[in-house]
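Nothing in this text is a laboratory measurement; each read-out follows from the coordinates by a stated rule. No experiment lies behind these values; they were computed from the predicted model shown. For neighbour counting, all protein chains shown are included, and Cβ atoms are generated from backbone atoms with ideal geometry for every residue, glycine included.
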Amino acid sequence: MLDLVIRAPRAVFEFGEGPCIVGIRDGRIVALERSLEAPMEAAAEEVLGDDVVLLPGLVDTHVHVNEPGRTEWEGFATATRAAAAGGVTTLIDMPLNCVPPTTDVAALQLKREVAREQVFVDVGFWGGAVPGNLGSLRPLHDAGVFGFKCFLLHSGVDEFGYLTPGELAAALAEIRDMDALMVVHAEDCDAIAHAPQAVGPSYRDFLASRPRGAENLAIAQVIELARRTGARVHVLHLSSSDALPLIASARRDGVRITVETCPHYLTFAAEEVPDGATQYKCCPPIREASNRELLWQGLADGVVDCVVSDHSPCTPQLKRFDTGDFGAAWGGISSVQLGLPVVWSGARARGLGLTDVVRWMASAPARAAGLERKGRIAVGCDADLCAFAPDEEAAVDPARLLHRHPVTPYAGRALTGVVRATWLRGVLVSVDSPRGQLLVRGGA
């Protein structure tokens with residue numbers, strides 16, 4: 001006897017897209033039939049309507065939860081509740097903006113203790129690679145982090161330092177033997193230092209302060225060090241389409257590199273950002289419309305692997321809406337709840353399908369992080385699912401966002417696609433009952 005059967009006239013599953021029945025027991029998918037008439041007995045049954053598609057729960061490997069230490073910016077309860085509302089069933093928390101940062105085992109243990117009783121989806125953790133903690137990387141790996149994040153320029157917070165090229169090379173050599181993953185914020189610090197300084201409300205001036213060249217140069221450096229050391233690397237939040245040929249060439253040469261971009265780089269364009277509208281500030285920045293279209297092409301061609309949120313919230317005061325000063329405002333966009341309809345709206349307009357969106361936002365991020373039981377509707381996987389109405393239209397209402405502060409550049413934007421329900425290991429997620437698990441590399 002199964003615990004739950006879900007009959008879906010339309011689903012995106014391991015074999016493609018079409019009708020299917022999903023049989024669930026003990027939180028796992030144990031049976032999958034492609035005919036809606038196949039007999040399957042269970043204690044409960046859910047029959048989906050023709051207007052929804054059953055998708056695997058999304059996997060967001062780039063979320064800044066900020067707790068402990070900056071819980072007034074965000075926290076595990078609010079971030080994971082918003083994630084579930086957006087069809088995200090697994091997230092991996094970044095090691096900075098919390099205090100202390102996750103750069104040693106003691107900080108990791110503190111974060112787990114704080115998170116344990118308040119997560120609504122499954123949560124894993126990245127470790128941090130910073131100056132002076134080379135000896136902490138192996139213990140963090142053994143403690144179950146999914147890899148390590150580093151910066152190549154100031155991170156925005158003083159307690160999380162950035163690596164020089166020599167320090168990055170040493171860190172890559174250290175993690176190579178663990179076959180661990182290094183995820184890199186790739187902007188070159190010298191190029192940024194020599195760029196014009198951003199002061200005031202001009203978005204054009206802010207864009208000039210974070211030029212494409214700084215990103216391209218850093219990505220080239222990461223590729224060369226990965227080639228030299230043999231380590232696995234992942235480029236975070238790609239915004240410069242100029243780097244796509246570099247990445248494709250490196251892969252042809254056997255460099256082990258994966259790449260992500262984010263919903264905001266696929267949606268907005270620099271030409272459309274109003275001066276003083278600091279809700280659009282992120283680093284690297286939102287670039288021109290022509291650049292955006294090349295990022296979409298990079299996704300379609302498979303050069304870019306994943307689309308994840310880079311959910312990076314702060315208090316409204318830190319966005320400096322009083323002055324509109326892009327130089328002084330915190331850089332980050334909160335979108336963990338909105339990623340699926342945002343990306344689907346853009347994909348649909350360009351003739352791309354839900355199977356593409358599922359690959360970018362579920363299976364590919366899960367594969368990059370080594371989450372073998374996540375991101376797919378397949379026998380043996382966790383029964384993490386969402387019911388998505390792909391034709392329903394809705395405008396973004398900040399009052400309905402569940403992350404801590406309803407600040408978003410998507411406010412009022414018309415999107416196509418609405419998440420109707422989310423299941424975590426075969427149980428409907430309730431906003432009143434946190435039942436998420438804390439994940440370690442290889443399990444829970």
Below 8 Å, C-alpha to C-alpha, sequence gap of six or more: please give me the relative contact order for the chain in percent. 21 percent
For segment 48-103: relative contact order, % (alpha-carbon pairs under 8 angstrom, 6 or more apart): 45 percent
Taking the 0 to 90 degree range and rounding to the nearest ten, how far is the long axis of helix 105-115 tilted relative to the main principal axis of the chain, both from C-alpha atoms? 50 degrees
Helix 339-349 sits off the longest principal axis of the Cα atoms of the chain, rounded to the nearest 10 on a 0 to 90 degree scale, by 90 degrees
Given +1 on the Cβ of Lys and Arg, -1 on the Cβ of Asp and Glu, and no further charges, what dipole in debye does the chain carry about its Cα centre, rounded to the nearest 20? 440 debye
In debye to the nearest 20, the charge dipole size for segment 1-119, taken about the Cα centre with +1 at each Lys and Arg Cβ and -1 at each Asp and Glu Cβ, equals 280 debye
With n ≥ 4 as the cut-off for DSSP H runs, can you work out [θ] at 222 nm for the chain, using -39500 (n - 2.57) per run divided by the number of residues, rounded to the nearest 500? -7500 deg cm²/dmol
Looking only at segment 1-116, where both bridge partners belong to it, what percent of the DSSP beta bridges are antiparallel (to the nearest 5)? 55 percent
At 0.36 nm per residue, minus the direct Cα-Cα distance, what do Met1 and Met40 gain on full extension? Give it in nm, one decimal, please. 13.2 nm
Using the Cα centre of the chain as origin and beta-carbon charges of +1 (Lys, Arg) and -1 (Asp, Glu), tell me which of Ala82, Leu110, Val52 is placed farthest towards the positive end of the dipole. Leu110
List the lysines whose Cα lies under 24 Å from the Cα of Lys319, skipping any in the same chain that are fewer than 8 positions away. Lys281
Which residue, Leu134, Pro19, Leu294, has the largest displacement toward the positive end of the dipole of the chain when charges sit on each Cβ (Lys, Arg +1; Asp, Glu -1)? Leu134
Taking the chain as the reference, fit the longest principal axis to its C-alpha atoms, fit the long axis of helix 212-229 to the helix C-alpha atoms, and give the angle between the two in degrees, 0 to 90, nearest 10. 80 degrees
Table column - 3J(HN,Hα) (Hz), segment 395-406, Karplus curve with 6.51, -1.76, 1.60, x for Gly and Pro: 8, 6, 10, x, 5, 9, 7, 9, 6, 4, 10, x
Estimate the FRET efficiency between Asp397 and Glu271 by the formula 1/(1 + (r/R0)^6), using the beta-carbon distance for r and 22 Å for R0, to the nearest 0.05. 0.25
Ordered by fewest other Cβ atoms within 10 Å, a rough proxy for footprinting exposure, Cys20, Cys283 read Cys283, Cys20
From the backbone phi of segment 159-167, what are the Karplus-calculated ³J(HN,Hα) couplings (6.51 cos²θ - 1.76 cosθ + 1.60, θ = phi - 60°) in whole Hz, Gly and Pro given as x? 7, 10, x, 10, 8, 6, x, x, 5
Using the charge dipole of the chain (Lys, Arg: +1 at Cβ; Asp, Glu: -1 at Cβ; taken about the Cα centre), state which of Ser35, Cys314, Gly324 has its Cα farthest towards the positive end. Ser35
Report, in whole Å, the centroid distance computed from the Cα atoms of segment 147-183 and segment 225-286. 17 Å
Mind ordering 71-80, 190-199, 99-108, 86-95 by average Cβ neighbours within 10 Å, highest first? 86-95, 71-80, 99-108, 190-199
Sort 374-383, 30-39, 424-433 for me by packing, meaning the mean count of neighbouring Cβ atoms within 10 Å per residue, highest on top. 374-383, 424-433, 30-39
For Cys282, Cys189, which order do you get if you count the other beta carbons within 10 Å of each Cβ and list the fewest first? Cys189, Cys282
Nearest-20 debye value, segment 2-47 charge dipole, Cβ charges on Lys, Arg, Asp, Glu: 100 debye
With a cut-off of 8 Å between alpha carbons and a minimum separation of six or more residues, what is the relative contact order of segment 10-164 in percent? 17 percent
